[in-house]
Amino acid sequence: MYEFLVTVLSSAVVSTALSGALVWFLQSWISERVKNAIKYEYDSKLETHKAQLKAVCDAEVEAHKAKLAAQNAAATERLKADLQIAHLREQQKTDFMAEETVRHFLSHKTHIERSFETLKKHLGGFTDDELRKILVRAGAFRTFREDGSEWWKLLSRMPEWLERVKDKEETKDERQEFEEDGGTG
């Protein structure tokens, strides 16, 4: 009986040890499988996210490149236009300088308008019609006085000219009232 007991006990111990080893092995194996499955899932999601981010970044880079190319093209066109203008100005420097001179004479602080004869005297070398074209390009317009003389003023100074005319009329009215009162004010 003793042997039987030893056999049963040894079988039980071996069975318990084998069962424990099997449980530990299965637990380790399942744990590793779960870890690997989770790692695979996260790695897959990470790769998908990386691919999406790369696609978005690539699209933004292309959009910025296109924007920069458009800005570069626009800047190049502006520079070309500026160069063409500078070239034309150099070619037609006489006309541009004549326009500047006209603006100078017609922008004088006390002389809002100038006679055509005065302008012609200061801007020699042009025919009457050429000078009139220069005056128009400079932003001036022509009026005639009662004596038939031709006068020019800048359109931009029109409000100032109207104010002076109004002041002259008021002064003229005041002078008439003074004379009508017999010179006693």
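The values are calculated or read from the model by the stated rules, or taken from the named source; none is laboratory data. This one's a predicted model, so the numbers in the text were calculated from it and none came from an experiment. FYI the Cβ positions are ideal-geometry reconstructions off the backbone, even for glycines, and counts take in every protein chain you see.
Numbers below:
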| read-out | value |
| --- | --- |
| Count of region 146-170 residues which are at pLDDT below 90 and outside any helix (DSSP H, G or I) | 0 |
| Filter result for Leu53 (surrounded by 10 or more Cβ atoms within 10 Å (Cβ to Cβ), of a type outside the set (Gly, Ala, Ser), part of a helix (DSSP H, G or I) and more than 31 Å from the chain's Cα centre (by Cα)) | no |
| Filtered residues of region 112-137 (kept if β-branched (Val, Ile, Thr) and more than 43 Å from the chain's Cα centre (by Cα)) | Thr118, Thr127 |
| Exclusive hit being surrounded by 10 or more Cβ atoms within 10 Å (Cβ to Cβ), in a helix (DSSP H, G or I) and either of a type in the set (Asp, Glu) or at pLDDT below 90 (or both), set His111, His104 | His104 |
| Near pairs, Cβ below 8 angstrom, 6+ apart or cross-chain, from region 152-167 (without any contact (Cβ under 8 Å) to a residue 60 or more places away in the chain) to any residue that is of a type in the set (D, E, K, R) | Trp152/Glu113; Trp152/Arg114; Trp152/Arg142; Lys153/Glu113; Lys153/Arg114; Leu154/Arg103; Trp161/Glu113; Trp161/Lys153 |
| Residue within region 56-75 that is surrounded by 10 or more Cβ atoms within 10 Å (Cβ to Cβ) and under 30 Å from Arg137 (Cα atoms) present | yes |
| Residue check for Leu68: over 30 Å from Leu123 (Cα atoms) and of a type in the set (A, V, I, L, M) | yes |
| Condition met for Glu113 (of a type in the set (Asp, Glu), touching a strand residue (DSSP E or B) at 6+ places or on another chain (Cβ under 9 Å) and touching a residue at least 40 places away in the same chain (Cβ under 8 Å)) | yes |
| Every residue from region 114-137 that is outside any helix (DSSP H, G or I), touching a helix residue (DSSP H, G or I) at 6+ places or on another chain (Cβ under 8 Å) and modelled with pLDDT of 90 or more | Arg114 |
| Unique residue being surrounded by 10 or more Cβ atoms within 10 Å (Cβ to Cβ) and acidic (Asp, Glu) when the list is Glu99, Glu90 | Glu99 |
